[in-house]
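Trainee: Starting off with a structure, shown below.
Every read-out reported here was derived from the displayed coordinates using simple, explicitly stated rules and does not represent laboratory data. All figures in this text were calculated on a predicted structure; none of them were measured in a lab. So basically every Cβ, Gly included, is an ideal-geometry build from the backbone, and we count neighbours across all protein chains shown.
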Amino acid sequence: MPGKIGIIGVGQVGATSAFLLATVPGVREIVLVDADTDRANAQAADIAHAAAFGTPAEITAGSYSDLTGAHVIVITAGSSLEHGQTRLDLLSKNVSVVSTVLEKVSAVASDAILLFATNPVDVMPALAVRHFGFPRGRAIATGCALDTARFRDRLARHFDMSPRSIHGYVLGEHGDSEVLHWSGVQIAGMPLAEFAIKRGRPMAPDDYEMIAREVRTSAYRIKQGKGVSNFGIGGCIARLTRAIVNDEDVVFSVSTYMDNVLGVENTCISLPQIVDASGASQPFIPSLDPDEEEALRRSAMILREAIDMADRTR
C-alpha cells in the first residue's frame, strides 16, 4: 500500500529513521516493530508527539501482522558496531537475526520493498534473494548511499561549496574495501582535477588520501565519539524511502544482489541504480580507471566470501 512503512528494530537507528520519515511527503503510516514491545510503544508515542508539530504520518507500534500492505519495510534489527569491530565482524550474529526477521516478513508482506540497514549491510540482500525468494530489485541495502553523501560533503568542505553541486559516488562494500570513484567526479561540468584548479584549490596526493581516509572511517570516528552513528544513516533511510514512496526515479549508490559483476559471481556491492516505486533498477557500472576497477573487483570478492560465510552460518 503506497505510503505505509514498516520499521523493524527501533533502537537508535530505527527510531531516528522513523522520526525523519514522519514528515516525509508521501509517508502516511509508520509501523514500528521490535522484540522489546515497551520500547516500540514508547518510541511510537514520542515520535508521534514530535510529528504533531508538523504534518504528521500516523505512527504506531505493532507486530509483524501489522506490516501487511506495507510498501517499504526498513530492517535495522541486529547488533551494532562496537569499538574495534568492522562491519563484517557482525556477520554471524546479525545474519541469524535478519533470517528470523525475513521469515516473519515473507509470511505477511512478501510484496514489500526491503530496505536493509543492519550490518554487514551488503550481505542482507543476498540473504533475502537466495533464501527467501525476494526479487533482487526489492531487496536493497543502503550500501554506499551514505558513504556517497559523506564523500560529497567532504569534497564540498574542501571547495567551500554546496555538496548538492558535486556529482560523484562511492562504490563497492559499505565498509573498509569501499571504492571512492575519483575518476567519475564531476563539478560544474568538469572533472574533479580541472575544477579544483579553476577553483584555486588544486588537489594534492595528500588531499586524496586524507579525504578517502575520512570518508572510509567516518562511522568508526562517530561511534568512538558518541557511541552510535544514527543521524547519517537515518537520513539516508528517509531519503531512499522517499524516493520509493514518491516514485522519484533518482540514482543512488545502493547494494543489491548480482549474479556476476566484473567476473565475480554471487556478490552484492553498491553501484549506481535508479530507485523508484518498484525498487532498484539493474545496476550500472560507470567508467572506471584500471585501479578503480581492480579495487571494485576486490571489494566484490570480499563480499562474495562474506555471503558464502553467511550461507554456512544460517
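Trainee: Give me the net charge of Asn260's neighbourhood, meaning all other residues with Cβ under 13 Å from the Cβ of Asn260; Lys, Arg count +1, Asp, Glu -1. Write down the numbers at each step before the final one.
Mentor: Details: positive: Arg136, Arg297, Arg304; negative: Asp259, Glu265.
Around Asn260, the surrounding residues sum to +1.
Trainee: Still on this model: So what is the relative contact order of the stretch 60-186, in percent, for Cα pairs below 8 Å that sit 6 or more residues apart? Let's see the in-between values first.
Mentor: Numbers: 173 pairs, mean separation 26.4, N = 127.
Rounded, it is 21 percent for the stretch 60-186.
Trainee: With each pseudo-label sitting 7 Å past Cα toward Cβ, what's the His131-Asp311 distance in nm, one decimal?
Mentor: 1.2
Trainee: For the stretch 66-170, go through all pairs of different Cα atoms, get the mean of 1/r, take its inverse, and jot down that Kirkwood value in Å. Kindly include the intermediate steps, with their values, before the conclusion.
Mentor: Numbers: mean 1/r = 0.0659 Å⁻¹.
Radius from the Kirkwood sum: 15.2 Å.
Trainee: While we're looking at this one, here's another question. Determine one quarter of the surface area of the Cα convex hull of the stretch 22-83, which equals its mean projected area, and express it in nm² to one decimal.
Mentor: Working: hull surface 20.9 nm².
Approximately 5.2 nm², given one-decimal rounding.
Trainee: Using a Gaussian network model of the chain with C-alpha springs under 10 Å, which one of Ile285, Ile237, Ile269 is most mobile by mean-square fluctuation?
Mentor: Ile285
Trainee: Compare Pro283, Pro125, Pro191 in a GNM of the chain, Cα atoms joined below 10 Å, and give the one with the largest fluctuation.
Mentor: Evaluated over the chain, the most mobile residue of the options is Pro191.
Trainee: Counting other beta carbons within 10 Å of each residue's own, what order do Lys4, Lys104 fall into, fewest first? Let's see the in-between values first.
Mentor: On the way: Lys4 23, Lys104 15.
Fewest to most other Cβ atoms nearby, the residues stand as Lys104, Lys4.
Trainee: Expressed in nm to one decimal, what extension gain is obtained for the pair Ile285 and Ser79 from 0.36 nm per residue of sequence separation less their Cα-Cα distance?
Mentor: On the way: separation 206, 0.36 × 206 = 74.16 nm, distance 3.17 nm.
That works out to 71.0 nm of additional length.
Trainee: So for the stretch 131-200, Kirkwood radius off the Cα pairs, Stokes-Einstein at 25 °C and 0.890 mPa s: how many µm² s⁻¹?
Mentor: On the way: Rh = 13.5 Å.
Stokes-Einstein gives a translational diffusion coefficient of 182 µm²/s.
Trainee: Based on Cα coordinates alone, diagonalise the gyration tensor for the stretch 186-248, multiply each eigenvalue by 5, take square roots, and list the semi-axes in whole Å, largest first.
Mentor: Three semi-axes, in Å: 29, 22, 7.
Trainee: What relative contact order, as a whole-number percentage, does the chain give when Cα pairs under 8 Å and 6 or more residues apart are counted?
Mentor: With pairs under 8 Å counted, the relative contact order is 19 percent.
Trainee: Further question: If I take all pairs of Cα atoms in the stretch 4-141, what percentage of them are more than 17 Å from each other? Walk me through the numbers before you get to the answer.
Mentor: Details: 5340 of 9453 pairs.
Looking at the stretch 4-141, the distances longer than 17 Å represent 56 percent of pairs.
Trainee: Let me ask you something else. Can you pull out the chymotrypsin sites (Phe, Trp or Tyr not before Pro) in the stretch 169-260 whose DSSP state is coil and whose Cβ has at most 16 other Cβ atoms within 10 Å? Present the calculation step by step, with values, prior to reporting the outcome.
Mentor: Working: sites: Tyr169, Trp182, Phe195, Tyr208, Tyr220, Phe231, Phe252, Tyr257; in loops: Tyr169.
Filter output for the stretch 169-260: empty list.
Trainee: Then there's this: Can you work out ³J(HN,Hα) from phi for every residue in the stretch 231-237, in order, using Karplus 6.51 cos²θ - 1.76 cosθ + 1.60 and θ = phi - 60°, giving whole Hz and x for Gly and Pro?
Mentor: 6, x, 5, x, x, 5, 4
Trainee: Can you compute the helix-only [θ] at 222 nm over the chain? Use -39500 (n - 2.57) per DSSP H run of at least 4 residues, normalise by all residues, nearest 500 deg cm²/dmol. Please list the in-between numbers first.
Mentor: Values: 10 runs with 136 residues, N = 314.
Result for the chain, helices only: -14000 deg cm²/dmol.
Trainee: Keeping to pairs on different chains or 8 or more places apart, tell me how many lysine pairs in the chain have Cα atoms under 25 Å apart.
Mentor: Working: Lys4/Lys104; Lys93/Lys104; Lys93/Lys223; Lys93/Lys226.
For the chain, qualifying lysine pairs total 4.
Trainee: Now, a different point. Apply 1/(1 + (r/R0)^6) to the Cβ-Cβ distance of Lys93 and Thr217, taking R0 = 22 Å, and write down the FRET efficiency to the nearest 0.05.
Mentor: Numbers: r = 23 Å, r/R0 = 1.03.
It comes to 0.45.
Trainee: Calculate the spin-label point distance for Asp207 paired with Glu265, positioning each point 7 Å from the Cα along the beta-carbon direction, and give it in nanometres.
Mentor: The modelled label-to-label distance comes out at 4.5 nm.
Trainee: If each residue of separation counts as 0.36 nm, what is the full-extension length gain between Arg199 and Val250 once their alpha-carbon separation is subtracted? Intermediate values should be presented prior to the final figure.
Mentor: Numbers: separation 51, 0.36 × 51 = 18.36 nm, distance 2.83 nm.
In short, 15.5 nm is gained.
Trainee: Now for a separate question. For Tyr169, what residues show an amide H to amide H distance below 5 Å, using hydrogens built from the backbone and excluding near sequence neighbours?
Mentor: The list, which skips near neighbours in sequence, is His181.
Trainee: How would the stretch 263-304 be classified by its alpha-carbon gyration tensor: rounded, prolate or oblate, with rounded meaning a/c under 1.5 and the a/b versus b/c comparison settling the rest? Please list the in-between numbers first.
Mentor: Values: a/c = 3.24, a/b = 1.59, b/c = 2.04.
Oblate.
Trainee: Which of rounded, prolate or oblate describes the chain when judged by the alpha-carbon gyration tensor and an a/c cut-off of 1.5?
Mentor: prolate
Trainee: Follow-up. Express in nm, to one decimal, how much length is gained between Lys226 and Ser162 on full extension, taking 0.36 nm for each residue of separation and deducting their alpha carbon distance.
Mentor: On the way: separation 64, 0.36 × 64 = 23.04 nm, distance 2.64 nm.
Result: 20.4 nm gained on full extension.
Trainee: Over the stretch 157-234, what relative contact order in percent results from Cα pairs under 8 Å that are six or more residues apart? Before the final figure, lay out each step's value.
Mentor: Working: 56 pairs, mean separation 16.0, N = 78.
It rounds to 21 percent for the stretch 157-234.
Trainee: Classify the stretch 145-313 as rounded, prolate or oblate, taking a ≥ b ≥ c as the square roots of the eigenvalues of its Cα gyration tensor: rounded when a/c is under 1.5, otherwise prolate if a/b is larger than b/c and oblate if not. Each step should come with its number before you reach the end.
Mentor: Details: a/c = 1.40, a/b = 1.33, b/c = 1.05.
Rounded.
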